[in-house]
Amino acid sequence: MTDQGKPEGNHSAAIQNLLRAIPKVDEFLGWLDDTTQGPLVLIKDAVREVLAAKREAILAGHSVKKSDLLRPELLVEFNNLLSRKLSPNFISVINATGVVVHTNLGRSILPAEAMAWLQRVGSRYSNLEFDLATGQRGSRYSLVEKLLCELTGAEAALVVNNNAAAVMLALDTLAKGREVIVSRGQLVEIGGSFRIPDVMEKSGARLVEVGATNRTHLRDYEKAITEQTAMLLKVHTSNFKIIGFTSEVELAQLVALGERHGLPVMEDLGSGSLIDLSKYGLQKEPTVSEVVKAGVDIVTFSGDKLLGGPQAGLIIGKRRIIDQVKRNPMNRALRIDKFTLAGLEAVLRLYFDEEVALHAIPTLAMLTMPPEVIDRRAKRLLGRVKKKLADYCAVSVISVDSRVGGGAMPDQSLPSRAVSLHPFNMTVNDLESGLRKVKVPVIGRIEDDCFLLDMRTVADDEVSLLSSCLLEFFGADV
Ligand SMILES: *Cc1c(COP(=O)(O)O)cnc(C)c1O
């Protein structure tokens, strides 16, 4: 930077000289011909940014030579920047993390059936809120309500933006200004700072914590019930396990307690599976229908966790309670759009045949994928890259554990197979960050100085793309 207060010397003259060599925006624009394509705003932005970066570099005393400011050099920088500005920001990546419900990578990917539905509904007018039988205004929820009831045994249902919204709406409707009793062992924080106590506070319900972190008994709930009590809440502790000397109250007991005192019982189920996945080797989690059957009045769960659909918050339960929730004006602010509805309906319909659901819904297919299938996929990738990458890294197939993700079944081990890369001429961290920057970014994980590509979450039709991304990155012949 300039030395304030000191006489300006040669140093500053050199800087002034360089600054003068930077072309003006209009001059730069005059250099462009019709090989430069794109919206004028973005072109001008790119020109300004290239020139501003030079100016800043000079003023900061970074080494900038006069030759860096010549037309061909500046044009190269401009063209690179413009092509970045013209490419979409929201792009697809290859999930080689082995985390199936990966919240940061979009959680659940949708089945082809759902995508076809989205395409149709998005490009045509639809009966979103139009009752074709009466010709009157209809309700968007009616498109999926019946399906949800049939699949879960609930009397009524509605859908909002996500499960956090579902919990908030339910509490706001049923417990605003009153008390909600919840066990200390269930005061969870879900990723992205969703904390049950905070949500309660926002909804205006007062939290009454009962029991101890590891043990809560029925009598703890019972003692806490007062005139002010609005509901008993159970939160599924999706993302952690308390082990050892523990005890939580059985849902059926909680329901019986609620009935004795005329209080609704709510369960925030979090992931909410419609299928009993323990039949397919995963651990036992209560299914949505089991919770409904236990007599819970209102159940909330996510559309894009174990259900494998689009982002949504599903609220199901007894008609009397759900009707109240439907009438809450806040509902309007949390409503889902037509794409979500289309995706959700398509996914729900797949559940009528469990075999079909396990096959067609990617989240379920990946969670129940036999290790041999993953192994074959890993070996296909190995075959495509091993020889060609021989100068750059050691490649092998190893056994790893995938994870369910989305805060579900935190201690579930899912035996899987990964392609392991141990680079020779760079650090494994450079490999990891470099692969994030290729045309189709590859996201994996580092373990023991190797970069691992867990093949559970890489689709069969992504293997050749993944191999060309690797070859391109290392500069090997494709
Ligand atoms: C994931 C989760 C939520 C939040 O659901 P979103 O669909 O992400 O809003 C709330 N409660 C529990 C128990 C969860 O597991």
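General observations
- Count of residues meeting criterion [touching a helix residue (DSSP H, G or I) at 6+ places or on another chain (Cβ under 8 Å) and either hydrophobic (A, V, I, L, M, F, W, C) or assigned to a strand (DSSP E or B) (or both)] in region 135-158: 9
- From Val325, Val299, residue being within 14 Å of the ligand (Cβ to nearest atom), touching a strand residue (DSSP E or B) at 6+ places or on another chain (Cβ under 9 Å) and not assigned by TED's automatic domain parsing to the domain that holds Val419: Val299
- Members of region 186-201 that are more than 8 Å from the ligand (Cβ to nearest atom), outside any helix (DSSP H, G or I) and not aliphatic (A, V, I, L, M): Glu189, Ser193, Arg195
- Failed condition for Arg332, given (1) out of contact with any helix residue (DSSP H, G or I) (no Cβ under 9 Å at 6 or more places or on another chain); (2) modelled with pLDDT of 95 or more: (2)
- Cβ pairs under 7 Å, 6+ apart, first in region 123-141 and within 16 Å of Ala157 (Cα to Cα), second of a type in the set (Phe, Trp, Tyr) and surrounded by 10 or more Cβ atoms within 10 Å (Cβ to Cβ): Gly138/Phe130
- Residue-level check: of (1) exposed (fewer than 15 other Cβ atoms within 10 Å of the Cβ); (2) in contact with an Asp or Glu (Cβ under 9 Å, 6 or more places away or on another chain); (3) not assigned by TED's automatic domain parsing to the domain that holds Asn161, Ser396 misses just (2).
- Which listed residue, of Leu344, Leu367, is out of contact with any Leu (no Cβ under 7 Å at 6 or more places or on another chain) and surrounded by 19 or more Cβ atoms within 10 Å (Cβ to Cβ): Leu344
Table: residues versus (1) under 22 Å from Val93 (Cβ atoms); (2) assigned to a helix (DSSP H, G or I); (3) aromatic (Phe, Trp, Tyr).
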position: Ala378; (1), (2), (3): yes, yes, no
position: Ser396; (1), (2), (3): no, no, no
position: His422; (1), (2), (3): no, no, no
position: Val440; (1), (2), (3): yes, no, no
position: Leu466; (1), (2), (3): yes, yes, no
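- Of residues in region 283-296 being modelled with pLDDT of 95 or more and over 18 Å from Val235 (Cβ atoms), the one nearest to the ligand (Cβ to nearest atom): Ser289
- Looking only at residues in region 173-185 that are crowded, with 20+ Cβ neighbours inside 10 Å and assigned to a helix (DSSP H, G or I), the one that is nearest to the ligand (Cβ to nearest atom) is Gly185.
- Total residues in region 159-172, condition part of a helix (DSSP H, G or I), within 11 Å of the ligand (Cβ to nearest atom) and of a type in the set (A, V, I, L, M, F, W, C): 5
- Within region 238-253, the set of residues being modelled with pLDDT of 85 or more and either within 32 Å of the chain's Cα centre (by Cα) or exposed (fewer than 13 other Cβ atoms within 10 Å of the Cβ) (or both) comprises Glu250, Leu251, Ala252.
Here's the yes/no breakdown for (1) within 16 Å of Gln311 (Cα to Cα); (2) in contact with a helix residue (DSSP H, G or I) (Cβ under 9 Å, 6 or more places away or on another chain); (3) within 16 Å of the ligand (Cβ to nearest atom); (4) in a helix (DSSP H, G or I):
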{"position": "Ala114", "(1), (2), (3), (4)": "yes, yes, no, yes"}
{"position": "Trp117", "(1), (2), (3), (4)": "yes, yes, no, yes"}
{"position": "Gly122", "(1), (2), (3), (4)": "no, yes, no, yes"}
{"position": "Ala133", "(1), (2), (3), (4)": "no, no, no, no"}
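- Scanning region 259-272 finds one or more residues that are within 16 Å of the ligand (Cβ to nearest atom), in a loop (DSSP other than H, G, I, E, B) and under 22 Å from Gln412 (Cα atoms).
- Number of positions in region 401-425 that are more than 26 Å from Asp276 (Cβ to Cβ), surrounded by 13 or more Cβ atoms within 10 Å (Cβ to Cβ) and among the hydrophobic types (A, V, I, L, M, F, W, C): 3
- Residues (loosely packed, with under 14 Cβ neighbours inside 10 Å and under 14 Å from Leu174 (Cα atoms)) located in region 199-221: Glu201, Lys202, Gly204
- Listed by first and then second residue, the pairs with beta-carbon distance under 9 Å, at least 6 apart or on different chains, first residue in region 184-210 and modelled with pLDDT under 80, second of a type in the set (Ser, Thr, Tyr), are Val188/Thr237; Val188/Ser238; Ile190/Ser238; Gly191/Thr103; Gly192/Thr103.
- Counted residues, region 406-418 - those being touching a Gly at 6+ places or on another chain (Cβ under 9 Å) and in a strand (DSSP E or B): 4
- The residue that is nearest to Gly343 (Cα to Cα), counting only those in region 81-100 that are touching a Leu at 6+ places or on another chain (Cβ under 7 Å) and among the β-branched types (Val, Ile, Thr), is Val100.
- Condition check for Leu341: of a type in the set (A, V, I, L, M, F, W, C) and part of a strand (DSSP E or B): no
Residue by residue, here is whether (1) within 30 Å of Val442 (Cβ to Cβ); (2) surrounded by 10 or more Cβ atoms within 10 Å (Cβ to Cβ); (3) free of Cβ contacts under 8 Å to residues at least 40 places away in the same chain holds:
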{"site": "Gln16", "(1), (2), (3)": "no, yes, yes"}
{"site": "Lys24", "(1), (2), (3)": "no, yes, yes"}
{"site": "Asp33", "(1), (2), (3)": "no, no, yes"}
{"site": "Glu49", "(1), (2), (3)": "yes, yes, yes"}
{"site": "Leu70", "(1), (2), (3)": "no, yes, yes"}
{"site": "Ser83", "(1), (2), (3)": "yes, yes, yes"}
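- Filtering region 456-476 to residues that are within 18 Å of Gly434 (Cβ to Cβ) and out of contact with any strand residue (DSSP E or B) (no Cβ under 9 Å at 6 or more places or on another chain) leaves Ser467, Ser468, Leu471, Glu472, Gly475, Ala476.
- Region 204-227: number of residues that are part of a strand (DSSP E or B) and among the β-branched types (Val, Ile, Thr): 2
The values are calculated or read from the model by the stated rules, or taken from the named source; none is laboratory data. What you are looking at is a predicted structure, and each value in this text was computed from that prediction instead of being measured. Heads up, the Cβs are rebuilt from the backbone with ideal geometry, glycines too, and the neighbour counts pull from every protein chain shown.
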